[in-house]
Amino acid sequence: MAGYVCPWWGGFFIDNRLRRLLHKPEKILAPYLEPGMTAIDFGCGMGVFSIAMARMVGDAGRVIAVDVQEKMLEVLGKRAEKAGVAQRIRTHRCPPDSIGVDDQVDFVLAFWSAHETPDVARLLGRLHGSLAGGGRLLLAEPKGHVRARRFEKMIAAAERAGLRLESRPPIRLSWAAAFKKP
């Protein structure tokens, strides 16, 4: 991921109690996750969504937490251990130009992370490739960093990659789009 990437220490400002009140992971993810699913949390940071995802997929499911920064993954691992879900989460440090995950998954979350990649269209193509047939992607970007026009270009890139736009769920302070792989 080139360009501006939130520094690892910035994760403490992003993943905190106030953030969990603003963005309730379980509420946001409820339409997309079920017990037993396999999911990717792309740009997982310190795990605000990864840990919730691990609870939601249960003992039979798993979460692949992907980030470019090893320090973010280390903090996530400690938090997952404390939350009792570490066995459901596999952390993966991705290279700067790829997600680096070959698994086929049921769901991918890219929450406030796609705008930090050097080539969003390429990223969306790779996320499409990670989804099993019928799999879904939830893409959310911060309104403060991403303008409406740029988010519309992201939606068009996802559709060119082969994803079908299903909805635009309301998420505070965010542009959001939910896609399905036919």
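The values are calculated or read from the model by the stated rules, or taken from the named source; none is laboratory data. Because the structure is a prediction, the values reported are computed rather than measured. Quick reminder, even Gly has a Cβ in these numbers, built from the backbone with ideal geometry, and neighbours come from all protein chains shown.
Considering the conditions (1) in contact with a Gly (Cβ under 8 Å, 6 or more places away or on another chain); (2) more than 21 Å from residue 28 (Cβ to Cβ); (3) of a type in the set (Ser, Thr, Tyr), residue 113 is excluded by exactly one of them, (2). Of all the residues in region 67-84, those that are crowded, with 16+ Cβ neighbours inside 10 Å, farther than 18 Å from residue 101 by Cβ and in contact with a Phe, Trp or Tyr (Cβ under 9 Å, 6 or more places away or on another chain) number 1.
Free of Cβ contacts under 8 Å to residues at least 24 places away in the same chain and either among the hydrophobic types (A, V, I, L, M, F, W, C) or loosely packed, with under 14 Cβ neighbours inside 10 Å (or both) - does that describe any residue in region 137-149? For region 137-149, residues free of Cβ contacts under 8 Å to residues at least 24 places away in the same chain and either among the hydrophobic types (A, V, I, L, M, F, W, C) or loosely packed, with under 14 Cβ neighbours inside 10 Å (or both): present.
Of everything in region 154-172, what is surrounded by fewer than 17 Cβ atoms within 10 Å (Cβ to Cβ), in contact (Cβ under 8 Å) with a residue 24 or more places away in the chain and closer than 21 Å to residue 126 by Cα? Give them in sequence order. Those that are surrounded by fewer than 17 Cβ atoms within 10 Å (Cβ to Cβ), in contact (Cβ under 8 Å) with a residue 24 or more places away in the chain and closer than 21 Å to residue 126 by Cα: 160, 162, 166.
Scan region 35-52 for residues that are in a helix (DSSP H, G or I) and under 10 Å from the mean Cα position of the chain (by Cα) and the total you get is 2. Can you say whether residue 175 is within 24 Å of residue 51 (Cα to Cα), modelled with pLDDT of 95 or more and crowded, with 17+ Cβ neighbours inside 10 Å, as far as the supplied structure shows? It is true that residue 175 is within 24 Å of residue 51 (Cα to Cα), modelled with pLDDT of 95 or more and crowded, with 17+ Cβ neighbours inside 10 Å. Could you tell me which residue of region 27-50 is surrounded by the fewest Cβ atoms within 10 Å (Cβ to Cβ), considering only residues that are charged (D, E, K, R) and under 18 Å from residue 167 (Cβ atoms)? If we take residues in region 27-50 being charged (D, E, K, R) and under 18 Å from residue 167 (Cβ atoms), then 27 is surrounded by the fewest Cβ atoms within 10 Å (Cβ to Cβ). Here residue 26 meets the list (1) among the acidic types (Asp, Glu); (2) part of a loop (DSSP other than H, G, I, E, B); (3) within 25 Å of residue 145 (Cβ to Cβ); (4) modelled with pLDDT of 90 or more almost entirely, failing just condition (2). Among what's in region 77-100 and is of a type in the set (A, V, I, L, M, F, W, C) and at pLDDT below 95, pick the residue that is nearest to the chain's Cα centre (by Cα). So the residue we want is 99.
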